[in-house]
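Have a look at the structure below, then the notes.
Just so it is clear, none of the values below were taken in a lab; they were calculated from the coordinates. Remember, it's a predicted structure, so these values are computed and weren't measured experimentally. Methodologically, a virtual Cβ is constructed for each residue, glycine included, from the backbone with ideal geometry; neighbour enumeration extends over all protein chains shown.
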Amino acid sequence: TFASGDGQFEDLAGIDLDGEPHAENTVPSGDGTAGGDFVVAFTVDAPFTVTESVPRDGAILTQEPTEVTLDFNDTIDTDSLEAGDLTVGGQPATSVTVVDGDTLTFSGWPALAEGTHIVALAAGALSDVQGQPLVEFSSVFMLDQTPPRVLSSSIVAGDVVATGNLTYTAVFSEPLVE
């Protein structure tokens with residue numbers, strides 16, 4: 001609301017805003033005299049984004065994911081939808097299923113090697129029902145299917161150790177949970 005008489009909306013001559021509604025609250029405002037409030041109702045659309053992903057960003061998986069599910073903050077325009085818009089490890093998905101109005105499940109990319117993989121949807125790859133394009137989305141997961149191994153040990157098979165306190169050291173092939 002722009003309020004008349006508050007001194008914030010004056011012309012160069014110091015004449016206050018003529019904010020009286022003009023026919024049906026349309027623009028331009030005014031009835032020819034200073035005074036009244038100018039009110040405009042409007043909404044601001046939030047950007048169209050992914051709000052949740054499975055697997056989640058930063059996940060460490062021991063099994064290769066066969067699907068990726070994305071939840072959006074608005075209803076998806078399914079006419080703008082193509083399976084290959086989503087990539088996993090740089091490879092396009094070949095199938096997409098609409099779970100509900102704002103949730104999609106993608107599948108069908110080639111087998112993934114162990115390591116870090118990026119799930120991505122390019123900006124504008126799809127739109128919401130108002131025609132607003134998607135904001136770029138990416139998340140990362142790690143596929144780790146190899147158990148840790150002992151690479152070296154301070155005690156080896158056949159060693160004889162003295163009684164009492166013992167300090168044992170082992171080096172593993174990857175970090176362990178403490």
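Before moving on, here are some points about what is shown:
- Compared with the alpha-carbon gap, the fully stretched path from residue 95 to residue 83 is longer by 3.8 nm at 0.36 nm per residue.
- One decimal place: the segment residue 150-residue 173 gains 7.6 nm when fully extended, by the rule 0.36 nm per residue minus the C-alpha distance.
- Summing Lys and Arg as +1 and Asp and Glu as -1 over all other residues whose Cβ lies under 15 Å from the Cβ of residue 172 gives a net charge of -2.
- Charge sum, other residues only, whose C-beta stays under 13 Å from residue 92's C-beta, Lys/Arg counted +1 and Asp/Glu -1: -2
- Spin-label pair residue 142-residue 64: with each label point 7 Å from Cα along the Cα-Cβ axis, the two points sit 2.0 nm from one another.
- Neighbour net charge for residue 64 - beta-carbon separation under 13 angstrom, K R +1, D E -1: -3
- A dipole drawn for region 29-178 from +1 and -1 charges on Cβ atoms has a positive end, and of 73, 61, 134 the residue lying farthest that way is 61.
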